[in-house]
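Comments concern the structure below.
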Amino acid sequence: MKRENDPSGPSRALFNWFPGHMAKALREIKQKLAMVDVILEIRDARVPLVSGNGAMQEVMGGKPRVIVLNKANLADRKQMDEWEKWFEKQGEPFVFVNCFDKHAMKKVVQQARKIVEANRKISNPDYVETKSKIRLMIVGLPNTGKSTIINQLANKSAVKVADKPGETQRQQWIIAEEGVELLDTPGVMPPMIGIPEHGLWLSAIHAIPDDIADEQTTTHFLIKHLLSIPAKEFMERYKLDTADMNVDDVLVKIATVRGCIKQKGLPDLDRVYKLVLAEFRKGELGRVCFGSAPKN
């Protein structure tokens, strides 16, 4: 099986958010690889490649992994079909999931256990499959849903779930279903994002905090993207009659429709930025993917 190319782009950083605790987390992940059987790398289905992490792949080395593309319920169905075909060609285990779907989450564990059993069979031809203990490490970018996935697998609120990226800052073991232990790790960004548009994608899905990425820039990008599709839910929610509008006019229209008005009737654009980003992240502006699957 082959690993896909590092999506973080060229070595010169055009966007950078890599707090000290993330560098520490990478070191600790490397130190504890020997303790786990399989890595569950959590990504966002709306950004299948760019929500990966080239630096993380280097740390993981040859450790078996399952790429778990979460938030599939928010991703464009047609583009997701193309991404599935592409991932199948890569020859590495993957699964698109909605982390709130318990049946889908069971498939994740089944995939991981299948890998473990196959490896044990290779090392010992006489090995008989059992439901022996397996240890899984959960890694991924901030806000890709790692904590929610752990809570679903553990069937309890084992990990605090927060909207703020980078909330988890320590590793911790969690007991999931019988015979499965999970090692939670902090969300880790690539040390460098060489392509500015990729930074905007990650900002839109909230892998990068709004105070780091700038809400105005992210909202302008997002509105342009939703107009270019155009997203039916976006158009209807804000009563936009045509996609042939510039971003400034759309912002004023949203302010009017949703009552984001300051004194003297001026649009409160700061409120509009927060509103659009929040509603997009809830899936209320339509199902979206950023970037198309490679053709090769």
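What follows is calculated from the coordinates using simple rules that are stated; it is not laboratory data. Computed from a predicted model, the values in this text were never measured in an experiment. So basically every Cβ, Gly included, is an ideal-geometry build from the backbone, and we count neighbours across all protein chains shown.
A few notes on this one:
- The residue among Val95, Ala293, Gln79 whose Cα reaches farthest toward the positive pole of the charge dipole of the chain, with charges on the beta-carbon of Lys, Arg, Asp and Glu, is Val95.
- log10 of Debye I(q)/I(0), alpha-carbon scatterers only, for region 184-296 at 0.21 Å⁻¹: -1.20
- Burial order of peptide ranges 60-71, 175-186, 138-149 (average beta-carbon count within 10 Å, highest first): 138-149, 60-71, 175-186
- With Cα atoms as the point set, region 20-184 shows a radius of gyration and Dmax of 15.4, 48 Å.
- Alpha-carbon Rg with Dmax, taken over region 51-138, Å: 14.8, 45
- Of all DSSP bridge pairs formed entirely within the chain, close to 25 percent run antiparallel.
- In the chain, taking the dipole from charged Cβ atoms about the Cα centre, the farthest positive-side position among Gly259, Asn151, Asn246 is held by Asn151.
- Members of Lys85/Lys146; Lys239/Lys282; Lys78/Lys133; Lys85/Lys114; Lys239/Lys264 lying beyond 27 Å, as alpha-carbon distances in this model show: Lys78/Lys133
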